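First up is the structure itself, then whatever we jot down about it.
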Amino acid sequence: MARYTCLVTVEASESGIKQPLGQTLESCNFDIIYEGQDYLVAREVPGGVAYPQLVTVEVLIDDTPVEDRGVRMNFVMKNEELPLQTNNHCRRMFDRVNQAIAENSQWQLIEAVAG
């Protein structure tokens, strides 16, 4: 199973983070399948790759203020594909989502740490 994680801190209010986050994931070909108060799950839209390669994104939104100016989000992106190559589908989608988050004009990226 391929799995990639990233801890992202953005300058935004917690109440104003879900809508732009959902829009960002949708722009990367994901559908929101679950949304809780501090948790969001999205699944890649079927049709472009085989089902085992479809990527799921789980986002935990930390409501603890970060230096009184930001919101921390923990992203976990995974699929059933074995990561036999470094340039696999899950990794490409991970890079695509990270780039979309960094370029989002509705918040200011403070820090992104990939794990």
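Work out the charge dipole of the chain with +1 on the Cβ of Lys and Arg and -1 on the Cβ of Asp and Glu about the Cα centre, then indicate which of GLY47, VAL97, GLN85 is farthest towards its positive end.
After comparing all options, I get GLN85.
Below 14 angstrom from the Cβ of VAL113, what's the summed charge of the other residues (Lys, Arg +1; Asp, Glu -1)? If you can, show how the numbers build up before the last one.
Numbers: positive: ARG72; negative: ASP62, GLU111.
My count for the surroundings of VAL113 gives -1.
Between helix 89-103 and the chain, what is the angle of the helix's C-alpha long axis to the longest principal axis, kept within 0 to 90° and rounded to the nearest 10?
For helix 89-103, the angle is close to 20 degrees.
Would you work out the charge dipole size for the range 76-115 about its Cα centre, treating the Cβ of every Lys and Arg as +1 and the Cβ of every Asp and Glu as -1, and quote it to the nearest 20 debye?
Here the range 76-115 has a charge dipole of around 80 debye.
Applying 1/(1 + (r/R0)^6) with R0 = 30 Å to the Cβ-Cβ distance of GLN85 and ASN29, what FRET efficiency is obtained, to the nearest 0.05?
According to the calculation, E is roughly 0.90.
Keeping the other protein chains in place, figure out the carbon and sulfur percent of the accessible area of the chain, with a 1.4 Å probe. Walk me through the numbers before you get to the answer.
Details: 2990 of 6510 Å².
Heavy-atom surface of the chain belonging to carbon and sulfur, 1.4 Å probe: 46 percent.
Sticking with the crude label model, points 7 Å out along Cα→Cβ, report the distance from LEU7 to TYR39 in nm, one decimal please.
Spacing of the two 7 Å Cα→Cβ label points: 2.0 nm.
By how many nm would the segment from ALA114 to LYS78 grow when fully extended, if each residue of separation counts as 0.36 nm and the alpha-carbon distance is taken off? Walk me through the intermediate numbers first.
On the way: separation 36, 0.36 × 36 = 12.96 nm, distance 1.38 nm.
Computed gain between ALA114 and LYS78 is 11.6 nm.
State to the nearest 20 debye the size of the charge dipole of the range 1-44 about its Cα centre, where the only charges are +1 on K and R beta carbons and -1 on D and E beta carbons.
Values: 3 positive and 7 negative charges, 31 e Å.
Roughly 160 debye for the range 1-44.
Quick check for me: using +1 on Lys/Arg Cβ and -1 on Asp/Glu Cβ, what's the dipole size of the chain about its Cα centre, in debye to the nearest 20? Before the final figure, lay out each step's value.
Values: 9 positive and 17 negative charges, 88 e Å.
That gives a dipole near 420 debye.
The values are calculated or read from the model by the stated rules, or taken from the named source; none is laboratory data. Owing to the predicted nature of the structure, the values given are computational and were not obtained by experimental measurement. Neighbour counts run over all protein chains shown; Cβ positions are idealised from the backbone, glycine included. Heads up: the accessible areas ignore ligands, DNA and RNA and are worked out on the full protein's heavy atoms, side chains in. Shrake-Rupley method; radii C 1.70, N 1.55, O 1.52, S 1.80 Å.
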